[in-house]
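Asker: Before I ask anything, let me first share the structure, which is written out below as structure tokens.
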Amino acid sequence: MSFTLKYKNINEEREIPSENYTIKDLLNDLELSAQTIVSKQNGELVIEDTVIDEDDEIQLVQIIYGG
């Protein structure tokens, strides 16, 4: 079972390592903070507790803060 990950210049197929693998698990694996990332699953905004399913497209977008 796999999904597509899109983040910055990454566009790759990744295996789903476990049942009920969530966006939060993915962010932890990539060492990214949920506070600085917006997540989309198949084009829809999702929360970090969302489970990643086979053939999903997960897009991670870095939030840029200014001041």
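Asker: Determine whether segment 39-49 contains at least one residue that is under 14 Å from Leu5 (Cβ atoms), touching a Phe, Trp or Tyr at 6+ places or on another chain (Cβ under 8 Å), of a type outside the set (Phe, Trp, Tyr) and not in a loop (DSSP other than H, G, I, E, B).
Answerer: No: zero hits.
Asker: Every residue in segment 1-22 that is within 13 Å of Val61 (Cα to Cα) and of a type in the set (A, V, I, L, M), please.
Answerer: Leu5, Ile10 - these are the residues of segment 1-22 that are within 13 Å of Val61 (Cα to Cα) and of a type in the set (A, V, I, L, M).
Asker: Can you go through Glu31, Glu13 and tell me which one is assigned to a strand (DSSP E or B), surrounded by fewer than 10 Cβ atoms within 10 Å (Cβ to Cβ) and acidic (Asp, Glu)?
Answerer: Of the residues listed, the single one that is assigned to a strand (DSSP E or B), surrounded by fewer than 10 Cβ atoms within 10 Å (Cβ to Cβ) and acidic (Asp, Glu) is Glu13.
Asker: Of all residues in segment 38-56, how many are within 9 Å of the chain's Cα centre (by Cα) and surrounded by 14 or more Cβ atoms within 10 Å (Cβ to Cβ)?
Answerer: Qualifying residue count for the region: 5.
Asker: Could you list, in sequence order, the residues of segment 23-49 that are basic (Lys, Arg) and either farther than 12 Å from Val61 by Cα or touching a Cys at 6+ places or on another chain (Cβ under 9 Å) (or both)?
Answerer: Correct list: Lys24 only.
Read-outs: derived from the displayed coordinates by stated rules, not from any lab. Quantities reported herein were computed from a predicted structural model and do not represent experimental measurements. Cβ coordinates were reconstructed from backbone atoms using ideal geometry, including for glycine residues, and neighbour counts include every protein chain displayed.
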